[in-house]
1. Which condition from (1) assigned by TED's automatic domain parsing to the domain that holds PHE53; (2) of a type outside the set (D, E, K, R); (3) out of contact with any strand residue (DSSP E or B) (no Cβ under 7 Å at 6 or more places or on another chain) is the one that LEU93 breaks?
2. Kindly provide the set of residues from region 149-163 that are part of a strand (DSSP E or B), over 23 Å from VAL62 (Cα atoms) and touching a helix residue (DSSP H, G or I) at 6+ places or on another chain (Cβ under 8 Å), ordered by number.
3. Filtering region 59-99 down to residues that are hydroxyl-bearing (Ser, Thr, Tyr), surrounded by fewer than 18 Cβ atoms within 10 Å (Cβ to Cβ) and over 20 Å from the mean Cα position of the chain (by Cα), which residue is farthest from GLY48 (Cα to Cα)?
4. Name the residue that is surrounded by the most Cβ atoms within 10 Å (Cβ to Cβ), counting only residues in region 113-142 that are among the small types (Gly, Ala, Ser) and closer than 21 Å to PRO81 by Cβ.
5. From ALA137, ALA122, which residue is under 24 Å from THR12 (Cα atoms), touching a residue at least 12 places away in the same chain (Cβ under 8 Å), touching a Leu at 6+ places or on another chain (Cβ under 9 Å) and not assigned by TED's automatic domain parsing to the domain that holds PRO49?
6. Would you mind finding the one in GLU30, GLU25 that is within 18 Å of LEU173 (Cα to Cα) and modelled with pLDDT of 95 or more?
7. Anything in region 40-87 that is without any contact (Cβ under 8 Å) to a residue 24 or more places away in the chain and not in a strand (DSSP E or B)? List them, or say none.
8. Hey, can you tell me all the residues within region 105-148 that are more than 19 Å from LEU176 (Cα to Cα) and either among the small types (Gly, Ala, Ser) or touching a helix residue (DSSP H, G or I) at 6+ places or on another chain (Cβ under 8 Å) (or both)?
Amino acid sequence: MILRHLTPANYTRQPWRNGHGTTTELFRLEHKGQLILRLSRAAVVEDGPFSVFPGVERNLTVLTGPGFRLTGQSLDFRCEPLVPVEFPGDVALVATETRGQQSDDFNVMTASGLPRPRVFLAQNDRLLPGDLLALYALGPCQAGGLALDRYDLLVTNRDVVVTGDWPVLATQLSGLLPDATQELSAKILGASDVRSAGTAAPDAEPDP
């Protein structure tokens, strides 16, 4: 079983497109210069606008904090803790009802032409990958025979058994074109922190 295990030391911080905050990027997949998938984490600390991403579908899950409301055009919905919500990236949305409290959220962005990813909590279960399976650990657990610490990320294109006292937030992506699937496999297999389950982990390297 081939896996890519990333830790917070591998992640990168980037400014928001609208300049009102920062995002921690966990994993990115592009094909021919176009975004296919981006996994990230951000903090919403006050009421304000979300960045607009034309051609992108979004999925957001509040990890910590009370959550907030997103409104814009014909959309109006609450982002509650540990409840994934999906919405189009090309709509100008505003976060409200933050109540002066920080909410940290996990974000999935995918190209609009792809089937929407499935984002869900999983614990003590066997998960099927689709074309890609990404597991974000919410606490110490085991996945694919590897020990994950809190906020580690595991990316694979194989089925994985998850065990332990803490769940993972799973992202399952399907519908990639064959050449994009090959690029995904190369990104997983070509990484310095890739290994087969049961082998020793080398020193972490920055995510390219």
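The values are calculated or read from the model by the stated rules, or taken from the named source; none is laboratory data. Nothing here was measured: the structure is a model prediction, and the numbers come from that model. Counting neighbours? That spans all protein chains shown, and the Cβs are built from the backbone with ideal geometry, glycine included.
1. Looking at each condition in turn, LEU93 falls short on (3).
2. THR156
3. SER74
4. Within region 113-142, the match that is surrounded by the most Cβ atoms within 10 Å (Cβ to Cβ) is ALA134.
5. Exactly one of ALA137, ALA122 is under 24 Å from THR12 (Cα atoms), touching a residue at least 12 places away in the same chain (Cβ under 8 Å), touching a Leu at 6+ places or on another chain (Cβ under 9 Å) and not assigned by TED's automatic domain parsing to the domain that holds PRO49, namely ALA137.
6. So the residue among GLU30, GLU25 that is within 18 Å of LEU173 (Cα to Cα) and modelled with pLDDT of 95 or more is GLU25.
7. Selection gives GLN73, SER74, GLU80, VAL83.
8. ALA122, ALA137, GLY139, ALA143, GLY144, GLY145, ALA147
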